[in-house]
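The values are calculated or read from the model by the stated rules, or taken from the named source; none is laboratory data. Note that the structure is predicted; figures quoted are calculated from it, not measured. FYI the Cβ positions are ideal-geometry reconstructions off the backbone, even for glycines, and counts take in every protein chain you see. Only protein heavy atoms, including side chains, enter the accessible area calculation; ligands, DNA and RNA are left aside. Shrake-Rupley method; radii C 1.70, N 1.55, O 1.52, S 1.80 Å.
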Amino acid sequence: MSMLFTPYVCRGVRARNRVVISPMQQSSAAQGVASDWHLAHLARFAMGGAGIVFVESTAVEARGRNTHGDTGLWHDGQIEPLARITQALRRDGAVPAIQLGHTGRKAGVQTWWNGHAPLTPADAERGEPPWTAVGPSALPVGPDWPTPQALTTDEVRALVLAWGAAARRAREAGFEMLEVHGAHGYLIHQFLSPVANQRNDAYGEDRTRFALEVAEAVRREWPDNLPLFWRVSLADAVDGGLAHDDMVGLLRALKARGVDVVDCSSGGGISSYPTQGRSVSNDLTFRAALARQLREASGLDVMAVGLVIDPHTAERYLQNGQADLIGVGREALYNPNWAVHAESALGDNRDYATWPLPYRMYLARRAATADGLRRAVR
Ligand SMILES: Cc1cc2nc3c(=O)[nH]c(=O)nc-3n(C[C@H](O)[C@H](O)[C@H](O)COP(=O)(O)O)c2cc1C
């Protein structure tokens, strides 16, 4: 029995295996409302055998969207289409999970297929007008970015409550796992960063304050029997001598507030800790080494993600104690059946037993026919 296909249990939730479909923004929602695209896109990963399927980064307020098409949970009208998705995922055996996010000063960009640059008045002609982004300080991401509006202290407090309200809506939609997006240079990451957060109030004096208050607000609304994940950008912890300790300190504080799993991502264009302009690797080998250290130091379970293609590699990371869960992103877009194929490759999936019931007999017959044809050719 492989570890990848050993159930994962956290609080009151049991996933059938440790393959997690990583959150992947589709820019295909209208006014933050998920569409049939999201339903079909996500359901096929559950049908393909994944243990946990994450809905993309879903905005806790409208101005926190990265693109116009991001999904949202800032009002109750956005719950119902997500509830359809949780039902579909559960029916096909996966744990329904969602990531909540706010992109802060990185809000308001074009879709990937339109360039992914900050929106300009010219984009308004396509129905995608720019809006004013907010951030910890009035500091743009870079020279080609608009300057965000610095949040007032009261606005920061309101945003903390918005995270809690979105978590409540996620619960009402039927999600069983929730992840806070604390990575990729988005709002929570911006508050942690001395580069983006130059505030003089309590949220600048202690740059972890916003993250910790968000964790508390989310946990208040997110039931005790349901797991809470937190995504971090690990790579920023590589350079400075204190960086690793800072990350460990943050994760320990998050664990004390009810976070269960750290999802180890990297990158994002700003650093919590200065990276001296060095580029950052995003492959699993790089992340898993750090992930193991953080797992041991923080006591959190770890999800490792980044260019997972080969199931044997994923299995090795689990066997080596470098991760508890394996996130799969682009490879699942390429092959939504990655999990059931991985299970076969690791020798655990005889007779198509974990494929969807209506497929099983036909796939077994197909295999027998194919074997017969191969023998005839030989
Ligand atoms: C189309 C696409 C959309 C993504 N959207 C998100 C997102 O909403 N939230 C997030 O944290 N990461 C997002 N990511 C990053 C993935 O979750 C994942 O961490 C990354 O792609 C690395 O894993 P991979 O090498 O298996 O693709 C996205 C990646 C892709 C390819």
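Scanning for something at pLDDT 95 or above, among the hydroxyl-bearing types (Ser, Thr, Tyr), closer than 22 Å to Ala165 by Cα and within 12 Å of the ligand (Cβ to nearest atom), does segment 16-34 turn up at least one residue? Scanning segment 16-34, I find no residue that is at pLDDT 95 or above, among the hydroxyl-bearing types (Ser, Thr, Tyr), closer than 22 Å to Ala165 by Cα and within 12 Å of the ligand (Cβ to nearest atom), so the answer is no. With the condition kept exactly as written, say whether any residue in segment 245-266 is more than 30 Å from Arg171 (Cα to Cα), modelled with pLDDT under 95 and open to solvent by less than 10 Å² (accessible area, probe 1.4 Å). No, there is no match, as no residue in segment 245-266 is more than 30 Å from Arg171 (Cα to Cα), modelled with pLDDT under 95 and open to solvent by less than 10 Å² (accessible area, probe 1.4 Å). Within segment 221-237, can one find any residue that is touching a strand residue (DSSP E or B) at 6+ places or on another chain (Cβ under 8 Å), more than 16 Å from the ligand (Cβ to nearest atom) and open to solvent by 50 Å² or more (accessible area, probe 1.4 Å)? The answer is yes, given that some residue of segment 221-237 is touching a strand residue (DSSP E or B) at 6+ places or on another chain (Cβ under 8 Å), more than 16 Å from the ligand (Cβ to nearest atom) and open to solvent by 50 Å² or more (accessible area, probe 1.4 Å). Residue check: is Val195 in a loop (DSSP other than H, G, I, E, B) and either in contact (Cβ under 8 Å) with a residue 40 or more places away in the chain or surrounded by fewer than 24 Cβ atoms within 10 Å (Cβ to Cβ) (or both)? So Val195 passes the test. Of the residues making up segment 303-328, those that are surrounded by fewer than 18 Cβ atoms within 10 Å (Cβ to Cβ) and under 24 Å from Cys10 (Cβ atoms) are Thr313, Arg316, Gln319, Asn320, Gly321. For segment 113-127, the criterion of being away from the ligand (no atom under 16 Å from the Cβ), free of Cβ contacts under 8 Å to residues at least 60 places away in the same chain and in contact with a helix residue (DSSP H, G or I) (Cβ under 8 Å, 6 or more places away or on another chain) is met by at least one residue. When segment 205-218 is filtered for residues that are in a helix (DSSP H, G or I) and either of a type in the set (S, T, N, Q) or open to solvent by 30 Å² or more (accessible area, probe 1.4 Å) (or both), the ones remaining, listed by number, are Glu205, Arg209, Glu213, Glu216.
Within segment 299-336, the set of residues being within 10 Å of the ligand (Cβ to nearest atom), at positive phi and modelled with pLDDT of 90 or more is empty.
Gly182 - would you say it is in contact (Cβ under 8 Å) with a residue 40 or more places away in the chain, open to solvent by 10 Å² or more (accessible area, probe 1.4 Å) and either within 16 Å of the ligand (Cβ to nearest atom) or farther than 19 Å from Gly64 by Cα (or both)? Here the answer is no, as Gly182 does not meet what is asked.
Within segment 73-115, the residues that satisfy the criterion of being open to solvent by 10 Å² or more (accessible area, probe 1.4 Å), part of a loop (DSSP other than H, G, I, E, B) and more than 30 Å from Asp144 (Cβ to Cβ) are His75, Asp92, Gly93. Of the strands (runs of 3 or more DSSP E) contained entirely in segment 1-52, those carrying at least 3 residues that are surrounded by 17 or more Cβ atoms within 10 Å (Cβ to Cβ) and touching a residue at least 60 places away in the same chain (Cβ under 8 Å) fall at 19-21.
Among the residues of segment 220-229, the one identified as in contact with a Lys or Arg (Cβ under 6 Å, 6 or more places away or on another chain) and part of a helix (DSSP H, G or I) is Glu221. Return yes or no: is Glu296 of a type outside the set (S, T, N, Q), part of a helix (DSSP H, G or I) and at pLDDT 95 or above? For Glu296, the condition - of a type outside the set (S, T, N, Q), part of a helix (DSSP H, G or I) and at pLDDT 95 or above - is not met. Residues in segment 58-72 that are in a helix (DSSP H, G or I) and surrounded by fewer than 24 Cβ atoms within 10 Å (Cβ to Cβ): Ala62, Arg63.
Scanning segment 299-355 for residues being part of a strand (DSSP E or B) and among the β-branched types (Val, Ile, Thr) gives a total of 4. Could you check segment 337-356 and list, in sequence order, the residues that are out of contact with any Asp or Glu (no Cβ under 6 Å at 6 or more places or on another chain) and either within 16 Å of the ligand (Cβ to nearest atom) or closer than 25 Å to Trp37 by Cβ (or both)? Passing the criteria: Asn337, Ala339, Val340, His341, Ala342, Trp355, Pro356. Of everything listed in (1) in a loop (DSSP other than H, G, I, E, B); (2) open to solvent by 40 Å² or more (accessible area, probe 1.4 Å); (3) modelled with pLDDT of 75 or more, the single unmet condition for Gly269 is (3).
Tell me whether segment 143-165 contains one or more residues that are open to solvent by less than 30 Å² (accessible area, probe 1.4 Å) and closer than 26 Å to Ala304 by Cβ. Yes, there is a match, as at least one residue in segment 143-165 is open to solvent by less than 30 Å² (accessible area, probe 1.4 Å) and closer than 26 Å to Ala304 by Cβ. Selection of first residues in segment 71-84 that are closer than 20 Å to Ala43 by Cβ and of second residues that are among the aromatic types (Phe, Trp, Tyr), restricted to Cβ pairs under 9 Å at least 6 apart or on distinct chains, gives the following pairs, ordered by first then second residue: Leu82/Phe175. Out of contact with any helix residue (DSSP H, G or I) (no Cβ under 9 Å at 6 or more places or on another chain) and more than 14 Å from the ligand (Cβ to nearest atom), is that true of Gly12? Yes.
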